[in-house]
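These notes are about the structure you will find just below.
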Amino acid sequence: MTVDREQVLRSAAALLTRKSTATMDEVARAAGIGRATLHRHFAGRDALVKALESLGIQEFEAALDAAALDEGSCEEALRRFVVAVEPSAGLLSFLVTENQLFEGDEVNEGWNRLDARVSAFFRRGQERGEIRIDLTPAWLTEALYGLISAGAWTVQVGRVAGQDFQYMIVELLLGGARRSVEQ
């Protein structure tokens, strides 16, 4: 039987976004494979999380590309981005809270690329007068990640309707970040 590595990763991501402490046995069951098969693909939890990190970075970059952040107003671009990132929001929520990915000197360069692109988006919004200048692009970037994570979690546990994911994130972020005429 050939094991589809991407299918295993997606099954693992789905489980770990619901239960971040899931064991490798639980991951194997969720993927419909045996633990030995899982270990042939991923030597342990650390290797699995690193593979999920690569998948998450790839999906986040694809969402940034699809959103065309350089086109239109910041509000329009942010709305496009949140739509594009929504299918990966659970995985991103798991990854941004997975401490092993951000400890030490071995942080994946992909995170730096993502941060740079999102920060540049907010900086452009500030330069255009659409986004407040008293909030740093780095802070706005982290706030966006936090809102995506919180939105994914609250939808997953049924505290809010899935159809409200995009609205909640964009409105809360822009409600605090949008430059008002009085400033």
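Quick look at the values:
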item: Residue list for segment 43-69, filter: without any contact (Cβ under 8 Å) to a residue 12 or more places away in the chain and either open to solvent by less than 20 Å² (accessible area, probe 1.4 Å) or among the aliphatic types (A, V, I, L, M) (or both); result: Ala43, Ala47
item: Segment 13-54, residues that are hydroxyl-bearing (Ser, Thr, Tyr) and outside any helix (DSSP H, G or I); result: Ser20, Thr21, Thr23
item: Test: residue in segment 94-117 that is surrounded by 12 or more Cβ atoms within 10 Å (Cβ to Cβ), more than 18 Å from Ala51 (Cα to Cα) and modelled with pLDDT of 95 or more; result: yes
item: Some residue of segment 108-116 being at negative phi, in a helix (DSSP H, G or I) and among the polar types (S, T, N, Q); result: yes
item: Sole exception among (1) open to solvent by 70 Å² or more (accessible area, probe 1.4 Å); (2) part of a helix (DSSP H, G or I); (3) modelled with pLDDT of 90 or more for Arg10, by number; result: (3)
item: Residue, surrounded by the fewest Cβ atoms within 10 Å (Cβ to Cβ), within segment 121-149, restricted to residues that are touching a residue at least 24 places away in the same chain (Cβ under 8 Å) and among the aliphatic types (A, V, I, L, M); result: Ile133
item: Complete set of residues in segment 156-183 that are free of Cβ contacts under 8 Å to residues at least 60 places away in the same chain and either within 18 Å of the chain's Cα centre (by Cα) or assigned to a helix (DSSP H, G or I) (or both); result: Val157, Gly162, Gln163, Asp164, Tyr167, Met168, Glu171, Leu172, Gly175, Gly176, Ala177
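The values are calculated or read from the model by the stated rules, or taken from the named source; none is laboratory data. In this text the structure is predicted, and so the values were computed from the model without any measurement. No Cβ is skipped: glycine too gets one built from the backbone with ideal geometry, and neighbour counts run over all protein chains shown. All accessible areas refer to the heavy atoms of the entire protein, side chains included, with ligands and DNA or RNA removed. Shrake-Rupley method; radii C 1.70, N 1.55, O 1.52, S 1.80 Å.
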